[in-house]
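Okay, structure first, notes after.
The values are calculated or read from the model by the stated rules, or taken from the named source; none is laboratory data. As the structure is a computational prediction, the values presented were derived from the model and not from experiment. Counting neighbours? That spans all protein chains shown, and the Cβs are built from the backbone with ideal geometry, glycine included.
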Amino acid sequence: MSKLSFPLILFCFFFSFTGGLLWAQGRPVLDVPTRLIEDDSSLRISLEASWFRGSPAAVLARRPEYHTLRGGGRIQVRVETSNRNRDEFAVILAREQNGEYPGWAQGSWILTRRRDNSKEGSRIRVFLRSDYNTYVQFRPFSDEKSLMDVVIYNGYVIRSLPIPVPFERLYVLPVEEALALAGNQFPRRYFDPDPGMYRDSRSFIASLRSRLPGLEYVDDGAMDENGGYVFINSLEAQKGHGGLNCSGFAKWVVDGILRPITGERLPIAPLKEPFGGRGSSLTDPWEESRDPYFGLDWCRNLASRAAAVLRSPASGALEEIEVRSWPFSQVILREAGGSVVYAYPGFISSAGFGVEGLPPLLYSLAVDEPGQIYLAAVNNEIGAPVTPDNPRGLPRFRQYYHVAVLVPYFSERGVFRVAVFESAAETSFSAFETRYPGQFVNLVRIPIEAAFDP
């Protein structure tokens, strides 16, 4: 693993998984398409000598300045420092949002400089969306070339792409011209989501939320094809009000998508059948006693039946329902002493994706596959050491022990969010992510239909 330079400045991580948001007169303002962001290169030309190339001591002593672009946009120019890296400081061209200048509003431009006498810049960061977690970054490489990075929720969609322009030329080059140097390798779609594409997702979330108060959690609980509450293992009827566990809740959600079309709920027994390649000679003897692949089989069967109904029988194949691709090669991990970048392995057969890569993965899925929900089968290697009470111990192998429903989407104002539903309740993505550090999640996709009636 290689250490990153200090993570720019002391931006508040409050925006970690809700995205930044522009406000005007108390209402959020929708970002414009990236090609329509007002150019600030003329302003940067006027600032180059004093702010970008001036001596560090002189720049650090400067007071904030305010400028108005030709189109009316307001920019504050200021300096910020970081307690984590005292060798650098940042010159920020912060776009206005409701009288404030947070530094990540759409169009904001940041140059990180060294404090030593070299007067060199080490990084330029540009925010094409009002979202602290999505940005384009440029770094020096040679006298004639720079490097481009594209970061989406701590995932490097592009890392160290050479572009044919000296780094210091980027001080004054229009942003659109800099992006054009990457040609078709620049993934503009990740900065221009269309909120209108997520109406069905928002409607689905609202419908699901409205029905949660009538649900209760019961271990091993599910609803059968007749609408009765039973236990998944024995299929015996529950007594009293009845309820759902995490797996039963996922079935309840899928039933709610399919029943308006088929008029029926899914039977439970077929959902427990093995689906696709999984297991080995090591796990075969433990299939009955430990049932290690229950969550994986359950989610795959649910997604396969949903795809067959909503799309076509062929759409229920494993390669169609399982998420296996990812657009990023490295991820940034935040640690107490700073940040580190490491290579992300992506999809691993019969395990899925490491939890640390879920934020950029779900963002990319929201952009590339609007109108989908995802069943997440959480898994980890589990065993038991030898003890006096258990002299033989238990072998360690992968077990799928929890199921959740993830719905990545964009709000009406273009803010990225992930709704998380599990065990008959709505939780949060931050809670889900921090609950399973170092573990894996297998994802299968299910299309959203307008009606929801479980």
* Asked: Consider Asp220 against the criteria (1) of a type outside the set (A, V, I, L, M); (2) surrounded by fewer than 13 Cβ atoms within 10 Å (Cβ to Cβ); (3) at positive phi: it satisfies all of them except one. Which criterion is unmet?
  -> (2)
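Okay, residues lined up against (1) within 21 Å of Asp87 (Cβ to Cβ); (2) in contact (Cβ under 8 Å) with a residue 60 or more places away in the chain; (3) surrounded by fewer than 23 Cβ atoms within 10 Å (Cβ to Cβ):
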position	(1), (2), (3)
Ile110	yes, yes, yes
Arg113	yes, yes, no
Ser122	yes, yes, yes
Arg125	yes, yes, yes
Arg129	no, yes, no
Asp149	yes, no, yes
Arg159	no, yes, yes
Ala182	no, no, yes
Met197	no, yes, yes
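Looking at Lys239, Lys251, which one is over 15 Å from Ala307 (Cβ atoms) and assigned to a helix (DSSP H, G or I)? Before the answer, list the steps.
On the way: Lys239 fails: assigned to a helix (DSSP H, G or I).
One residue alone meets the criteria, Lys251.
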* Asked: Checking Val32 against (1) in contact with a Lys or Arg (Cβ under 7 Å, 6 or more places away or on another chain); (2) in a loop (DSSP other than H, G, I, E, B), which test does it fail?
  -> (1)
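Yes/no per residue for (1) surrounded by fewer than 15 Cβ atoms within 10 Å (Cβ to Cβ); (2) touching a strand residue (DSSP E or B) at 6+ places or on another chain (Cβ under 6 Å); (3) of a type in the set (D, E, K, R):
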{"residue": "Ser42", "(1), (2), (3)": "yes, no, no"}
{"residue": "Arg53", "(1), (2), (3)": "no, no, yes"}
{"residue": "Pro64", "(1), (2), (3)": "yes, yes, no"}
{"residue": "Arg70", "(1), (2), (3)": "yes, no, yes"}
{"residue": "Ser82", "(1), (2), (3)": "no, no, no"}
{"residue": "Arg86", "(1), (2), (3)": "yes, no, yes"}
{"residue": "Val91", "(1), (2), (3)": "no, yes, no"}
{"residue": "Gly99", "(1), (2), (3)": "yes, no, no"}
* Would a scan of region 378-398 turn up a residue that is in a helix (DSSP H, G or I) and at pLDDT 95 or above? -> no
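So which residues in region 359-380 are of a type in the set (Val, Ile, Thr) and within 23 Å of Arg398 (Cβ to Cβ), if there are any at all? Spell out how you get there, then give the answer.
So in region 359-380, the residues of a type in the set (Val, Ile, Thr) come out as 367, 373, 378.
Across region 359-380, the qualifying residue is only Val378.
Can you name every residue in region 205-236 that is aliphatic (A, V, I, L, M) and either in a loop (DSSP other than H, G, I, E, B) or over 28 Å from the mean Cα position of the chain (by Cα) (or both)?
Residues of region 205-236 aliphatic (A, V, I, L, M): 205-206, 208, 212, 215, 218, 222-223, 230, 232, 235.
Scanning region 205-236 gives Leu215, Val218, Ala222, Met223, Val230, Ile232, Leu235.
Filtering region 57-95 down to residues that are basic (Lys, Arg) and part of a strand (DSSP E or B), which residue is nearest to Arg115 (Cα to Cα)? Steps first, please.
Just the residues of region 57-95 that are basic (Lys, Arg), to begin with: 62-63, 70, 74, 78, 84, 86, 95.
Still in the running and part of a strand (DSSP E or B): 74, 78, 95.
Working: Arg74: 28, Arg78: 16, Arg95: 25 Å.
Of everything passing the filter in region 57-95, Arg78 is nearest to Arg115 (Cα to Cα).
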* Structure fact -> By residue number, the members of region 199-217 that are within 15 Å of Ile373 (Cα to Cα), surrounded by 14 or more Cβ atoms within 10 Å (Cβ to Cβ) and of a type in the set (Lys, Arg) are Arg199, Arg202
* Asked: So, of the residues in region 308-339 that are farther than 14 Å from Arg159 by Cα and part of a strand (DSSP E or B), which turns out to be modelled with the highest pLDDT?
  -> Glu322
* Structure fact -> Contact list, first residue from region 203-228 and assigned by TED's automatic domain parsing to the domain that holds Ser428, second anywhere and in a helix (DSSP H, G or I), beta-carbon distance below 6 Å, six or more apart or interchain, is Gly221/Gly248; Ala222/Gly248; Ala222/Lys251; Met223/Trp252
* To do: Filter region 399-416 down to residues that are in a strand (DSSP E or B) and among the hydroxyl-bearing types (Ser, Thr, Tyr) and give me whichever is modelled with the highest pLDDT.
  => Tyr409
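If I filter region 99-108 for residues that are assigned by TED's automatic domain parsing to the domain that holds Pro187 and touching a helix residue (DSSP H, G or I) at 6+ places or on another chain (Cβ under 6 Å), do I get at least one hit?
Residues of region 99-108 that are assigned by TED's automatic domain parsing to the domain that holds Pro187, as a first pass: 99-108.
From what is left, the residues that are touching a helix residue (DSSP H, G or I) at 6+ places or on another chain (Cβ under 6 Å) are none.
No; the residues of region 99-108 include none that is assigned by TED's automatic domain parsing to the domain that holds Pro187 and touching a helix residue (DSSP H, G or I) at 6+ places or on another chain (Cβ under 6 Å).
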* Structure fact -> Restricting attention to region 318-337, the residues that are surrounded by fewer than 16 Cβ atoms within 10 Å (Cβ to Cβ) and among the hydrophobic types (A, V, I, L, M, F, W, C) number exactly 3
* **region 417-439, subset part of a strand (DSSP E or B) and in contact with a helix residue (DSSP H, G or I) (Cβ under 7 Å, 6 or more places away or on another chain), residue nearest to Pro359 (Cα to Cα)** => Val418
* In region 396-428, how many residues are surrounded by fewer than 21 Cβ atoms within 10 Å (Cβ to Cβ) and β-branched (Val, Ile, Thr)? -> 2
* Asked: With respect to the numbered conditions (1) more than 30 Å from Thr262 (Cβ to Cβ); (2) at pLDDT 95 or above; (3) not polar (S, T, N, Q), which one is the sole condition not fulfilled by Val441?
  -> (1)
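A quick yes/no check of all residues on (1) over 28 Å from the mean Cα position of the chain (by Cα); (2) at pLDDT 95 or above; (3) outside the structural domain of Ser130 (by TED's automatic domain parsing):
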| site | (1), (2), (3) |
| --- | --- |
| Pro7 | no, no, no |
| Phe15 | no, no, no |
| Val29 | no, no, no |
| Leu43 | yes, yes, no |
| Ser46 | yes, yes, no |
| Ala61 | yes, yes, no |
| Glu88 | yes, no, no |
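For the condition of a type in the set (A, V, I, L, M), surrounded by 14 or more Cβ atoms within 10 Å (Cβ to Cβ), assigned to a helix (DSSP H, G or I) and out of contact with any Gly (no Cβ under 9 Å at 6 or more places or on another chain), what is the one hit in Leu358, Leu296?
Leu358
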